[in-house]
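See structure below.
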Amino acid sequence: MGVRKGCYNCNKRRIICDETEPHCAKCTKKGLDCSGIGIRYRFNDGIASRGKLRGLSIPVGQSSSSRSNAAKPLSVGGNRSAAITNLQAKPPVANTVTRLSFSYSLDSFESNEETPEYASNIYPCLQPISGQSRFLLNHFSENIARGMVILDGQYNGYRNVIIPLAVTEPLVESAVSSVAASHLWRGNEKLRTAADRDRVRVIQSLKKASLNPRAGAVFSVSNWAILLVLLVGELITGRDDYIYLLRLLRSIQSYGVYDASRETLQFFHTQTDILMLLAQPFLDLSSDFPAMNSEAALETQLRSICASLQHVSDSQDVYITSTVIEAVRRSYQIYLNRAFLGGKSDSMALDYLQHLVSPISPNVPGGHALVWVYFIAAAESELPEHRAFFTGRLNDIYVATGCENITAGLSILEQMWDSQTGSGWPWALRTNPSTFIM
């Protein structure tokens, strides 16, 4: 069937259109509204073409036929209700929405009788992001987020929490982009330098916010996300700024943040607890960090980690997560024995640890989560076979992830093995901090 020529009315009337522009003569003669020649575009004025909402630009709580000057409750979000009185005396809905979008601040929590409550859930639209930012956010999601949890999946907060914050918060987006660029362009000195400059700008913005007399300017979920992302960058680049970032991270957690959902805050608390636990061997005991120098404190942190993994159901995944947590427990016990109990190197404990983690290859899901375990075990090792196994696993994970903190950790191990100080490797780590290995 060929394409019909002429205007819409002539085609519908099945007559030959004279194709006069802008309006054909046959429609003009009959007094019809001619649509003209060419493609006909149809638009609907309003949100619906039929029914109660026909011709309206925004839905209202009740139909016009049921409006009255009497107050009637309008259900909003479950068991809450709002009494809308004398709607005809209210300003237009469009003006109300405009006022909300420009006055969304702490003042919006004050009582305002002229603002209908049902309009409070209308948020401003997302601002478009550049193609480069979208590319870097995707790289963070696909290549970095999966390496920060034991098993990647739909519950990965580095993807489900951090990325949405990056889309809505420019400073979070800058932090994520700089970390993604550092990982993506780690072999290109020029591009990596540009990523470092972006990272410095983010840190300077945090310092500027810390000078604000309002505590809320610093203690927010956005800044919590920024610090967490910057610490991820420390692992990727192998820098030594982790102590400063951990101190800020600990301050935000202690002060408390309330501008996020319960699930979001649970993710940040869990990740902060994990970082604080694994950072213990690298922190000075005289610092203001809480010392986790007992097995009771260790078990408290491990229970928090286990609670965040309740969604794991597959038998193989359960085996991997339970093995990783048990390996962390055994490695931390080795650290406690050497750092606080004055114990000697325990080759039997290392034999058990090697037997425990041997089935988990660095190339399988979850294998990357044992970096800290391998480093602590290698530092404790005195036998050549133990050192060869644990450093070999570290090298394999470095090939898979490209995180420079692993190469820095291998250099630290060589230095500690060569020095053979009588104070032991925990003292050497605390007195010569260089990078954070996990």
**Request:** Give segment 239-256 a look and list any residue that's crowded, with 20+ Cβ neighbours inside 10 Å and farther than 13 Å from L275 by Cβ, or say none.
**Result:** R239
**Request:** For segment 156-173, enumerate the residues that are of a type outside the set (S, T, N, Q) and within 11 Å of the chain's Cα centre (by Cα).
**Result:** G157, Y158, R159, V161, I162, I163, P164, L165, A166, V167, V172, E173
**Request:** Look at V232 and say whether it is within 18 Å of the chain's Cα centre (by Cα), in the same structural domain as V161 (by the TED database) and not in a loop (DSSP other than H, G, I, E, B).
**Result:** yes
**Asked** Which of the residues belonging to segment 218-232 are modelled with pLDDT under 90 and farther than 10 Å from L206 by Cβ?
**Response** F219, S220
**Message:** Quick check on segment 200-217: of everything there that is more than 17 Å from L165 (Cβ to Cβ) and at pLDDT 80 or above, which residue is surrounded by the most Cβ atoms within 10 Å (Cβ to Cβ)?
**Reply:** I203
**Request:** Could you tell me which residue of segment 301-316 is surrounded by the most Cβ atoms within 10 Å (Cβ to Cβ), considering only residues that are part of a helix (DSSP H, G or I) and more than 23 Å from the chain's Cα centre (by Cα)?
**Result:** Q316
**Request:** Just one of (1) in contact with a Gly (Cβ under 8 Å, 6 or more places away or on another chain); (2) farther than 19 Å from A279 by Cα; (3) of a type in the set (A, V, I, L, M) trips up L383, so point out which.
**Result:** (1)
**Request:** Looking only at segment 235-249, count how many residues are of a type outside the set (S, T, Y), in contact with a helix residue (DSSP H, G or I) (Cβ under 9 Å, 6 or more places away or on another chain) and assigned to a helix (DSSP H, G or I).
**Result:** 7
**Complete:** Looking across segment 250-285 at residues that are within 23 Å of W372 (Cβ to Cβ) and part of a loop (DSSP other than H, G, I, E, B), the single one that is modelled with the highest pLDDT is A279
**Test: residue in segment 184-191 that is under 23 Å from F135 (Cβ atoms), in contact with a His (Cβ under 9 Å, 6 or more places away or on another chain) and at pLDDT 85 or above** = yes
**Request:** Output the number of the condition that P359 fails; it satisfies all remaining conditions of (1) in contact with a Ser or Thr (Cβ under 9 Å, 6 or more places away or on another chain); (2) farther than 25 Å from F282 by Cβ; (3) buried (at least 16 other Cβ atoms within 10 Å of the Cβ).
**Result:** (3)
**Fill in**
The correct count of residues that are farther than 30 Å from A307 by Cα and free of Cβ contacts under 8 Å to residues at least 12 places away in the same chain in segment 152-209 is 14
**Complete:** The lone condition D259 fails out of (1) loosely packed, with under 13 Cβ neighbours inside 10 Å; (2) out of contact with any helix residue (DSSP H, G or I) (no Cβ under 7 Å at 6 or more places or on another chain); (3) closer than 25 Å to S133 by Cβ is (2)
**Asked** Among helices (runs of 4 or more DSSP H) lying entirely in segment 327-417, which contain 2 or more residues that are under 17 Å from G238 (Cα atoms)?
**Response** 371-380, 384-401
**Request:** Sort through F289, F282, F268 and tell me the only one that's more than 18 Å from L429 (Cβ to Cβ), surrounded by 16 or more Cβ atoms within 10 Å (Cβ to Cβ) and touching a residue at least 12 places away in the same chain (Cβ under 8 Å).
**Result:** F268
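The values are calculated or read from the model by the stated rules, or taken from the named source; none is laboratory data. This structure is a prediction, so every number in the text was calculated from the model and none was measured. Don't worry about glycine lacking a Cβ; one is built from the backbone with ideal geometry, like all the others, and counts go over all protein chains shown.
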